[in-house]
Amino acid sequence: LAPILISALANAIVGLYIFFGGSGADHLVIGGRFFRAFGTFGQPNPFGGFMGITIPIALMGAYGFLLKLWQRYKSNQNISLIDGLMLGVFVAIAAILFAALIASWSRGAWLGFIISLGVMAFAIPRRLSVSASVSLGLAVLLLLLWFGGLIPQSIVARLTTAATDFITIEEIRGVDITSINYAVVERIAHWQAAINMSEANPIFGIGLGNYEIVYDQYRLLNWKEPLGHAHNYYLNILAETGIIGVLTYITFWGSVFAISWNTRQHPDLFTRSIVIGLLGSWTYIAVHSLFDNLYVNNLFLHIGLLLSILSILHLQIGKTITLE
């Protein structure tokens, strides 16, 4: 966990420095005062993706140490100073990563984080009825914050304009492109190119990694730049590997999610909390992948490390575990 959290924290600090004026990228200005954070990634969306993948681990790490402290308190044991310090460390990391996530100004990152919170809230209780109640309570709280005007209007406006554009744009070829809807229209144009590729090669696709190479054959008229990917990983993998590839990809992550859910039975409180954090990370990847490709800038190394942690913890629950 340490290298993932430390690297994310370092990138978050760089991102926040950029947000408060250290950018110099005029095209990423927000409200004339701030700049979209991009860390060492060069782009805000994958930076937000890194934050979103890692925040669930930091949050649930803090929750795990909080549970340990509460258990010691209830059993009249001495409160562990180390556990208390670790709780503070995880809380501080989670807070900084969350600030960096907001500073990325990435709508896909925000949506992925919100849904990952819901999944983790559902996974924490052991009883299904309690899980449903907690999730419902969080949904009601979010609606109250939204309609009660307690969420900053700049964030509300950014989310609502994107949702409106996605819903109202029916024919991408004839849409009036403005500075406000450009990002959404650009995404839809690349989605259409991926769909065109998949229609031409439905079973096996155009070949893994070939989206950018053959983009010019399938693109829409006004969108010459391939951007490297389709801005939707499911469509990207469908275009490159066809129906077989996308079904394999979905099956793989479905299996990872199922293994993670099963590993929730781990008897150690902190370890169980980390497993639930992993569920949040997988959920985040699944949601944000609807709008971007997160397997960039070596992020796949961090995801691979998280998968290795899951494999070790899943192996533990099949054996006799000696706990302190």
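The values are calculated or read from the model by the stated rules, or taken from the named source; none is laboratory data. This one's a predicted model, so the numbers in the text were calculated from it and none came from an experiment. Because the Cβ atoms are built from the backbone with ideal geometry, glycine has one as well, and the counts that use them run over all protein chains shown. Surface areas here come from the heavy atoms of the whole protein model, side chains and all, with no ligands, DNA or RNA. Shrake-Rupley method; radii C 1.70, N 1.55, O 1.52, S 1.80 Å.
Only Lys, Arg, Asp and Glu carry charge here, each on its Cβ (+1 for the first two, -1 for the last two); on that basis the chain has a dipole of about 1140 debye about its Cα centre.
What does the accessible area per residue of the chain come to in Å², with a 1.4 Å probe and no ligands, DNA or RNA counted?
Numbers: 16520 Å² over 324 residues.
That works out to 51 Å² per residue.
So if I place +1 on the C-beta of Lys and Arg and -1 on the C-beta of Asp and Glu, and nothing else carries charge, what would the dipole magnitude of the stretch 184-269 be about its Cα centre? I want it in debye, nearest 20. The partial results should precede the final answer.
Values: 4 positive and 7 negative charges, 30 e Å.
Dipole size: approximately 140 debye.
Sorting the segments 118-125, 188-195 by their mean number of nearby beta carbons within 10 angstrom, highest to lowest, gives 188-195, 118-125. Taking the charge dipole of the chain about its Cα centre, with +1 at Lys and Arg Cβ atoms and -1 at Asp and Glu Cβ atoms, the residue from Ile57, Tyr215, Gly84 reaching farthest to the positive side is Gly84.
Between Arg33 and Leu150, full extension at 0.36 nm per residue minus the direct alpha carbon distance yields a gain of 40.0 nm. Each peptide among 248-258, 95-105 gets the average number of other Cβ atoms lying within 10 Å of its residues, and from highest to lowest they stand as 95-105, 248-258.
Peptides 43-55, 264-276, 72-84, 207-219 ranked from most to least packed, by the mean per-residue count of other Cβ atoms within 10 Å: 43-55, 264-276, 207-219, 72-84. Stretched out straight at 0.36 nm per residue, the stretch from Leu143 to Thr40 would grow longer than its current Cα-Cα span by 33.6 nm.
May I ask for the net charge around His190, where only other residues with Cβ less than 10 Å from the Cβ of His190 are counted and Lys, Arg are +1 while Asp, Glu are -1? Result for the local shell: 0.
Report, in degrees rounded to the nearest 10, the 0 to 90 angle that the Cα long axis of helix 299-316 makes with the longest principal axis of the chain. Its long axis makes an angle of about 40 degrees.
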